[in-house]
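Here's the structure we're looking at; comments come further down.
Rule-based calculations on the coordinates, nothing more; no lab input. Since the structure is predicted, the reported quantities are computational estimates derived from the model, not experimental observations. Because the Cβ atoms are built from the backbone with ideal geometry, glycine has one as well, and the counts that use them run over all protein chains shown.
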Amino acid sequence: AQSVTQPDIHITVSEGASLELRCNYSYGATPYLFWYVQSPGQGLQLLLKYFSGDTLVQGIKGFEAEFKRSQSSFNLRKPSVHWSDAAEYFCAVALSGNTGKLIFGQGTTLQVKP
Amino acid sequence: GAGVSQSPRYKVAKRGQDVALRCDPISGHVSLFWYQQALGQGPEFLTYFQNEAQLDKSGLPSDRFFAERPEGSVSTLKIQRTQQEDSAVYLCASSSPGGGDYGYTFGSGTRLTVV
């Protein structure tokens, strides 16, 4: 069965430091991959997505992610974290060719220290 | 509307009570999804509509859960005889015609607490 694993439940970084959030997926074919951010009491906001082509994807708010087929990974990165980036981050996979439903990881909570 | 609107924002139900959660998608969006997000977990798929047709309801956890979208716009998720394990945030998402680019817009959700 398809699954998404986010190994880090909670990460704390200092403001201005770099960030990498890990995501591994289990899926036979090339999946469609997504990163979403959720602030408290808010809905999910799409940061970026990967369907095909260039494996380094740029998103909003200065985030990027790299698809590595050999490692079944799609890690999210940001070179310099801002206090406003503190939130919950979800990696998700969509199964190509089906209804488009998303399978989410359990999320990583990002805390930013001043 | 400008975004996906969900109501109520919060709902407290006594165990055994029936509840109805409403989702008003972005005008013109063909696809509509419901997800359930338990505390500390990622969202889990419940059901999917394309216009008024419910094409996938494989994620509905039991026959107590029922969703409809009779006119292809507003959708209602109904939970009968609520149980404590139904406590969660229920998220609705809609996407642009065809949904081929997975351009989902999520609502802010309804937080259901069953006491």
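The orientation-averaged shadow of the Cα convex hull for chain B, equal to a quarter of the hull surface, comes to 6.6 nm². Taking the inverse of the mean reciprocal distance over all distinct Cα pairs, the Kirkwood hydrodynamic radius of segment A:3-113 comes to 14.0 Å. For segment A:20-26, backbone phi angles converted through the Karplus equation (6.51, -1.76, 1.60; θ = phi - 60°) give residue-by-residue couplings of 9, 10, 8, 8, 10, 10, 10 Hz, Gly and Pro being listed as x. By DSSP, the beta bridges lying fully in segment A:3-113 are antiparallel in about 85 percent of cases.
Under the convention that each Lys and Arg Cβ holds +1 and each Asp and Glu Cβ holds -1, the size of the dipole of chain A around its Cα centre is about 180 debye.
Just how many pairs of Lys in segment A:3-113 have C-alpha atoms closer than 19 Å, counting pairs that are eight or more places apart or on different chains?
Value for segment A:3-113: 8.
In summary, the lysines within cross-link reach of B:Lys78, defined as a Cα separation below 18 angstrom excluding same-chain residues under 8 places away, comprise B:Lys11, B:Lys14, B:Lys57.
Charged side chains reduced to their Cβ positions (Lys and Arg at +1, Asp and Glu at -1) give segment B:5-114 a dipole of some 500 debye around its Cα centre. With a cut-off of 15 Å between beta carbons, the residues surrounding B:Gly107 carry a summed charge of +4, where Lys and Arg count +1 and Asp and Glu -1. Among A:16-22, A:73-79, B:9-15, A:86-92, sorting by the average number of other beta carbon atoms lying within 10 angstrom of each residue, highest first, gives A:86-92, A:73-79, A:16-22, B:9-15. As a ratio to 2.2 N^0.38 Å, the alpha-carbon radius of gyration for the protein assembly as shown is 1.01. Dipole magnitude for the protein assembly as shown: about 380 debye, using +1 per Lys or Arg Cβ and -1 per Asp or Glu Cβ, origin at the Cα centre.
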